[in-house]
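To start, the structure under review is shown below, and the notes come after it.
The values are calculated or read from the model by the stated rules, or taken from the named source; none is laboratory data. The model shown is predicted, which means the values in this text are computed figures rather than measured ones. All Cβ positions, glycine included, derive from the backbone under ideal geometry; neighbour counts span all protein chains shown. Heads up: the accessible areas ignore ligands, DNA and RNA and are worked out on the full protein's heavy atoms, side chains in. Shrake-Rupley method; radii C 1.70, N 1.55, O 1.52, S 1.80 Å.
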Amino acid sequence: MNLPKNGLRACLPLTVLLLSACVNPYRAPISNAPVTLPPSNGPHRGSPPPLPPVESSQPEIAPPVVIAPTEGRASSASQAVSNLLQEGWALYNQERFDASISVAERGLRIDRRRAELYRLLSRNYLATLQLQQAEQLARQGLAISSASASERAALQGLLREIQAAY
């Protein structure tokens with residue numbers, strides 16, 4: 001590529017301008033003079049002073065706390081379910097089946113392992129002739145391993161009633 005001398009002269013200022021843009025104007029000049037530190041007045045002679053603590057913008061995270069259920073909580077939940085069962089059976093005996101179902105479902109949200117809640121729900125659905133729902137709930141109550149022998153017998157009798165109603 002042959003450029004005329006005038007073209008080369010025209011490119012030279014542009015090249016210098018581009019190269020000067022790469023220079024860092026804030027860079028300290030390099031010097032061969034030794035660096036001296038001011039004398040230390042504290043107990044840290046010969047070593048740099050300690051750095052101040054760094055403040056973090058993130059809060060300190062405490063280790064997780066394991067919360068184990070206590071006897072009091074378990075007994076209060078059990079007492080709440082017992083109260084709901086009592087209320088649910090009273091509503092059932094008054095033939096207020098929808099209200100009794102609501103109370104029993106509230107009890108299930110507290111304790112899904114209480115077979116009597118399933119029996120109460122099943123009785124309500126049998127009374128409203130929702131036989132499939134009644135049978136399903138009675139079977140769920142029977143599937144609970146913690147059901148007492150008397151509760152199991154009551155659920156089995158209820159299942160026979162439901163099957164006879166079909």
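Here are a few things to note about the model shown:
- Neighbours of Y118, meaning other residues whose beta-carbon lies under 13 angstrom from its beta-carbon, give a summed charge of +2 when Lys and Arg score +1 and Asp and Glu score -1.
- Spatial separation of Cα centroids for the range 94-123 and the range 125-166, in angstrom: 13 Å
- Shape of the range 76-166, Cα gyration tensor, a/c cut at 1.5: oblate
- Taking D98, D111 and ordering them by how much accessible surface each has at a 1.4 Å probe, largest first, produces D98, D111.
- In Å², nearest 10: area of Y125 left accessible to a 1.4 Å probe: 30 Å²
- Count Lys and Arg as plus one, Asp and Glu as minus one, and take only other residues whose Cβ is under 11 Å from that of Q156; the net charge is then +2.
- For T15, the accessible area of its heavy atoms, probed at 1.4 Å with every protein chain present, is near 70 square angstrom.
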